[in-house]
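Trainee: Okay, handing you the structure first.
The values are calculated or read from the model by the stated rules, or taken from the named source; none is laboratory data. From a predicted model like this one, the values you see are computed outputs, not experimental measurements. Quick reminder, even Gly has a Cβ in these numbers, built from the backbone with ideal geometry, and neighbours come from all protein chains shown. Only protein heavy atoms, including side chains, enter the accessible area calculation; ligands, DNA and RNA are left aside. Shrake-Rupley method; radii C 1.70, N 1.55, O 1.52, S 1.80 Å.
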Amino acid sequence: MFLQNTCKRNVFLPSRKMLPSTSVNSLVQGNGVLNSRDAARHTAGAKRYKYLRRLFRFRQMDFEFAAWQMLYLFTSPQRVYRNFHYRKQTKDQWARDDPAFLVLLSIWLCVSTIGFGFVLDMGFFETIKLLLWVVLIDCVGVGLLIATLMWFISNKYLVKRQSRDYDVEWGYAFDVHLNAFYPLLVILHFIQLFFINHVILTDTFIGYLVGNTLWLVAVGYYIYVTFLGYSALPFLKNTVILLYPFAPLILLYGLSLALGWNFTHTLCSFYKYRVK
């Protein structure tokens, strides 16, 4: 019984020093059949195939754990990224191998967008168009772009000199985007709905104060959760620069209040234009 408890502690509570990192040269075959680059590419493809295959097998997904992650992305996002460390320790990859989080995020996206269309008094087909736009462009399209950009920047400029054999997985970069996008989605597409018609869109100072403050909190969450994601990787340096966008964000927030620029009004006008 003592040995069993000791094993559990060793598996689920690894120290930071014991955590391995993704190494391009870690898969060199002793028999020389695959070189390091081919082995790494094969492993990445195998992991991607496994992820996509599980996307259509709901019984194999851990939705309870995905819901736990969504909760702690608001209350303690550090605990979510601690789990990414455990995954690297046990499964030798930083990125999620279970698409349950993506499935729950998609459901949240659909429900909140339908609510957005209802609040803006859109018709059925207009709401469907809005849903397709939000899912395919706002979430997937922008997410692929941001993940690829951050993947390139982190591997090009943030990897420590003594850790040049390590690299950031693209799948992990996309997971970081999804983690950061979820709080933003809940704030702007759910919480904000209760204030749009009666407060935010009233063309008063209180209206754009409330609306722009929600935008400030949502985008601030995105920046902070993104920073936590990359600072959790032990082979990256100077990740504090990912917090620098806070300065122009706060400046833009103050400028918007001074000029009476309502971010939510602009977003609603854009959405109505897109669904015509």
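Trainee: Identify all residues within the stretch 88-101 that are among the charged types (D, E, K, R), more than 30 Å from I128 (Cα to Cα) and open to solvent by less than 30 Å² (accessible area, probe 1.4 Å); write none if there are none. Break it down stepwise before answering.
Mentor: Initial filter on the stretch 88-101 (among the charged types (D, E, K, R)): 88, 91-92, 96-98.
Within this subset, residues satisfying the condition of being more than 30 Å from I128 (Cα to Cα) are 88, 91-92, 97.
Within the stretch 88-101, K88, D97 qualify.
Trainee: Taking into account only those residues within the stretch 206-265 that are among the aromatic types (F, W, Y) and within 18 Å of the chain's Cα centre (by Cα), which is farthest from A173 (Cα to Cα)? If you could, list the steps in order and put the result at the bottom.
Mentor: Start the filter on the stretch 206-265 by keeping residues that are among the aromatic types (F, W, Y), which leaves 208, 215, 221-222, 224, 227, 230, 235, 244, 246, 253, 261, 263.
Pick out the ones that are also within 18 Å of the chain's Cα centre (by Cα) and you get 215, 221-222, 224, 227, 230, 246.
On the way: W215: 23, Y221: 17, Y222: 13, Y224: 14, F227: 11, Y230: 8, F246: 20 Å.
Checked the stretch 206-265; the qualifying residue farthest from A173 (Cα to Cα) is W215.
Trainee: Right, here's the next one. If I filter the stretch 113-135 down to residues being of a type outside the set (F, W, Y), at pLDDT 90 or above and open to solvent by 60 Å² or more (accessible area, probe 1.4 Å), which single residue comes out as nearest to F235 (Cα to Cα)?
Mentor: L132
Trainee: Of the residues that make up the stretch 148-165, is at least one of a type in the set (D, E, K, R) and crowded, with 17+ Cβ neighbours inside 10 Å? It would help to see each step written out before you state the result.
Mentor: In the first step, residues of the stretch 148-165 are kept if they are of a type in the set (D, E, K, R); the result is 156, 160-161, 164-165.
Those still in the list that are crowded, with 17+ Cβ neighbours inside 10 Å too: none.
For the stretch 148-165, residues of a type in the set (D, E, K, R) and crowded, with 17+ Cβ neighbours inside 10 Å: absent.
Trainee: Within the stretch 228-276, restricting attention to residues that are polar (S, T, N, Q) and without any contact (Cβ under 8 Å) to a residue 40 or more places away in the chain, which residue is farthest from F190 (Cα to Cα)?
Mentor: Taking the stretch 228-276 as the starting set, the residues that turn out to be polar (S, T, N, Q) are 231, 238-239, 256, 262, 264, 266, 269.
Pick out the ones that are also without any contact (Cβ under 8 Å) to a residue 40 or more places away in the chain and you get 231, 266, 269.
Numbers: S231: 29, T266: 17, S269: 18 Å.
Checked the stretch 228-276; the qualifying residue farthest from F190 (Cα to Cα) is S231.
Trainee: Further, regarding this structure: Can you confirm whether the stretch 241-253 contains a residue that is of a type outside the set (V, I, T), open to solvent by 40 Å² or more (accessible area, probe 1.4 Å), touching an Asp or Glu at 6+ places or on another chain (Cβ under 9 Å) and farther than 30 Å from Y72 by Cβ?
Mentor: No, every residue in the stretch 241-253 fails to be of a type outside the set (V, I, T), open to solvent by 40 Å² or more (accessible area, probe 1.4 Å), touching an Asp or Glu at 6+ places or on another chain (Cβ under 9 Å) and farther than 30 Å from Y72 by Cβ.
Trainee: How many residues are open to solvent by less than 60 Å² (accessible area, probe 1.4 Å) and without any contact (Cβ under 8 Å) to a residue 60 or more places away in the chain if we restrict to the stretch 70-87?
Mentor: Number satisfying all stated conditions: 4.
Trainee: Further, regarding this structure: Tell me which of these A180 doesn't satisfy, since it passes every other one: (1) in contact with a Gly (Cβ under 8 Å, 6 or more places away or on another chain); (2) open to solvent by 60 Å² or more (accessible area, probe 1.4 Å); (3) free of Cβ contacts under 8 Å to residues at least 60 places away in the same chain.
Mentor: (2)
Trainee: For the stretch 113-190, list the helices (runs of 4 or more DSSP H) that sit wholly inside it and hold at least 3 residues that are of a type outside the set (A, V, I, L, M, F, W, C) and within 18 Å of the chain's Cα centre (by Cα); which are they? Before the answer, list the steps.
Mentor: Details: elements: 124-133, 142-153, 170-189.
By residue number, 170-189.
Trainee: Then there's this: Considering only the stretch 222-234, I want to know if a residue exists there that is open to solvent by less than 30 Å² (accessible area, probe 1.4 Å), assigned to a helix (DSSP H, G or I) and in contact with a strand residue (DSSP E or B) (Cβ under 8 Å, 6 or more places away or on another chain).
Mentor: Yes, some residue in the stretch 222-234 is open to solvent by less than 30 Å² (accessible area, probe 1.4 Å), assigned to a helix (DSSP H, G or I) and in contact with a strand residue (DSSP E or B) (Cβ under 8 Å, 6 or more places away or on another chain).
Trainee: Taking G141 and the conditions (1) modelled with pLDDT of 85 or more; (2) more than 24 Å from Q192 (Cβ to Cβ); (3) exposed (fewer than 15 other Cβ atoms within 10 Å of the Cβ), which numbered condition does it fall short on, given that it satisfies the others?
Mentor: (2)
Trainee: With the requirement that a residue be open to solvent by less than 10 Å² (accessible area, probe 1.4 Å) and assigned to a helix (DSSP H, G or I), what does the stretch 191-213 give you?
Mentor: Across the stretch 191-213, the qualifying residues are Q192, I200, G207, G211, N212.
Trainee: Surrounded by fewer than 18 Cβ atoms within 10 Å (Cβ to Cβ) and at negative phi, is that true of L104?
Mentor: Considered against the rule, which asks whether it is surrounded by fewer than 18 Cβ atoms within 10 Å (Cβ to Cβ) and at negative phi, L104 comes out as yes.
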